[in-house]
Amino acid sequence: MNVDNFKDEKEAIGYRIRELRENYAGGKISQEELGFRIGYAKKTIGELERGNTNPTFETLLLISKALNKTIIELFEFDLEDYKEKARKFKESKDSK
């Protein structure tokens, strides 16, 4: 296993958070709105979604509640698939 501070894994969970935020049942919510709901700055949400920071369990619980998901639903994804999705998303942003 590549243990470079779990960069790929952090990017995968960040992509998952972004996906859930954009597909929220009540309609897409912004990073700013999610941050407001959990008491974090928009910049912090962006850092989490890009995998640039290591979220605490408490932060993940706050995010899951704000998105009306259980903590289990937050982690219900195929890790390898989401690593790839996060990589492609990052590449698309970098090419702009």
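Where a number appears in this text, it was derived from the coordinates with a stated rule and is not lab data. In this text, all values refer to a predicted model and were calculated from it rather than measured experimentally. All Cβ positions, even for glycine, are placed from backbone atoms using ideal geometry, and neighbour counts span all protein chains on display.
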*Quick one: of LYS28/LYS85; LYS69/LYS90; LYS7/LYS65; LYS10/LYS93; LYS43/LYS65, which pairs are farther than 22 Å apart, Cα to Cα?*
LYS69/LYS90; LYS7/LYS65
*asked:* Can you compute the modelled spin-label distance between GLU32 and LEU79, with each label point 7 Å from Cα toward Cβ, in nm?
replied: 3.6 nm
*With axes computed from alpha carbons, what is the tilt in degrees of helix 57-66 against the longest principal axis of the chain, rounded to the nearest 10 within 0 to 90?*
60 degrees
*Length gain on complete extension for the stretch LEU61 to ALA41, per 0.36 nm per residue less the alpha carbon to alpha carbon distance?*
5.5 nm
*Compare ALA86, ALA12, ALA66 in a GNM of the chain, Cα atoms joined below 10 Å, and give the one with the largest fluctuation.*
ALA66
*asked:* Can you tell me the orientation of helix 7-22 relative to the chain, as the angle in degrees between its alpha-carbon axis and the longest Cα principal axis, to the nearest 10?
replied: 40 degrees
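Can you pull the Kirkwood radius for the chain, inverse mean 1/r over Cα pairs, to one decimal in Å? Please report the intermediate quantities before stating the final value.
On the way: mean 1/r = 0.0742 Å⁻¹.
Every distinct Cα pair counted, the radius reaches 13.5 Å.
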*asked:* Test of understanding: what is the full-extension gain from ASP4 to ALA25, defined as 0.36 nm times their sequence separation minus their Cα-Cα distance?
replied: 4.1 nm
